[in-house]
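Working notes, beginning with the structure itself.
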Amino acid sequence: SVSVYLTPGIYNICAFHSDLRGKSFDPASTTFVMTDAGDVQLGTIQAATNSGHLKGKVVGSDGKALGNVPLMAVSEGGCDRPTASTQPDGTFDFTVGAGAWTISLDSNDSTHTQVAPVTATITNGQTVTGLNFTLKNLDKTITGNIVNASGTTLTDYVGSAFVQSSSKGTKAY
């Protein structure tokens, strides 16, 4: 049983638990509108075993297959974000539930950038193939020091720094 206080708006409910691994919820049953009247009763939302497949291949800018590349599939309007690595021949196969999906490079990969994300929609456990994409090697570097207002170099802190391309919105951490 769950109870959450919200302001009016459109929401998706997400649930994470070890019993839900490899399962997902129908996006239609987890999306709801909270109005000024308040109190939405969602009833029972049952997980279903994922049976759809997203398959493709990842290659480098030279056209050669890239193995062991960390990928992530993200469901649109949902909470599912399964991760996987490509096989030695560059192929991948995500087992997912129904919905619209975007497959992209997992942010844990610090050696590549993705030319463009790949999207697909799964219904009724279908398999979508041909979700191929190209990665570029991150082989150029910048160096420098980040200092605080007193001019002291920050050497040991919790946080992040990233660069962002003004032309394509590409981020590198």
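The values are calculated or read from the model by the stated rules, or taken from the named source; none is laboratory data. Everything numeric here is computed off the predicted structure, so don't read it as measured data. Every residue, glycine among them, receives a Cβ derived from its backbone with ideal geometry; neighbour counts consider all protein chains shown. What goes into the accessible areas is simple: the full protein's heavy atoms, side chains included, and nothing from ligands, DNA or RNA. Shrake-Rupley method; radii C 1.70, N 1.55, O 1.52, S 1.80 Å.
Taking a cut-off of 24 Å, what percent of all Cα-Cα pairs in region 1-150 are separated by more than that?
Values: 5163 of 11175 pairs.
Percentage above 24 Å: 46.
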(message) As a test, work out the antiparallel percent of DSSP beta bridges whose residues both lie in the chain, rounded to the nearest 5.
(response) 85 percent
(message) Relative contact order for region 1-93: what percent, with Cα pairs under 8 Å and sequence separation of 6 or more?
(response) 25 percent
(message) Tell me the per residue accessible area of the chain using a 1.4 Å probe; a whole number in Å² is fine.
(response) 68 Å²
(message) Straight-line reach from LYS23: which aspartates and glutamates fall under 13 Å, measuring Cα to Cα and dropping same-chain residues less than 8 apart?
(response) ASP80
(message) I'd like the Karplus ³J(HN,Hα) series for region 136-143: coefficients 6.51, -1.76, 1.60, θ = phi - 60°, whole numbers in Hz, and an x wherever there's a Gly or Pro.
(response) 9, 6, 8, 10, 10, 10, 10, 9
(request) Report the accessible area of LYS55, computed with a 1.4 Å probe over the heavy atoms of all protein chains in place, in Å² rounded to the nearest 10. (result) 80 Å²
(message) Accessible area of the chain with a 1.4 Å probe: how many percent of it is carbon plus sulfur?
(response) 50 percent
(message) If packing is taken as the average count of other Cβ atoms within 10 Å, what order do 15-22, 29-36, 83-90 fall into, highest mean first?
(response) 83-90, 29-36, 15-22
(request) For ALA37 and THR141, calculate 0.36 nm times their separation in residues minus their Cα-Cα distance, and state this gained length in nm to one decimal. (result) 32.0 nm
(message) Cut-off under 20 Å on the C-alpha distance; same-chain residues fewer than 8 positions from LYS64 excluded. Which aspartates and glutamates are left, in chain and number order?
(response) ASP89, ASP93, ASP106, ASP109, ASP139
(message) Explain nothing, just compute: Karplus ³J(HN,Hα) = 6.51 cos²θ - 1.76 cosθ + 1.60, θ = phi - 60°, for every residue of region 61-74 in order, whole Hz, x for Gly and Pro.
(response) 5, 8, x, 7, 4, 10, x, 6, 8, x, 10, 9, 10, 10
(message) Regarding region 1-66, what's the average projected area of the Cα-atom convex hull, expressed in nm²?
(response) 7.5 nm²
(message) Quick check: residue separation of THR119 and THR83 times 0.36 nm, minus the Cα distance between them. What number comes out in nm?
(response) 11.4 nm
(request) In whole Hz, with x marking every Gly and Pro, tabulate ³J(HN,Hα) for region 45-57 from phi via Karplus 6.51 cos²θ - 1.76 cosθ + 1.60, θ = phi - 60°. (result) 10, 9, 6, 10, 5, 5, 9, x, 10, 10, 10, x, 9
(message) Could you tell me the relative contact order of the chain? Use alpha-carbon pairs under 8 Å, at least six residues apart, and round to a whole percent.
(response) 19 percent
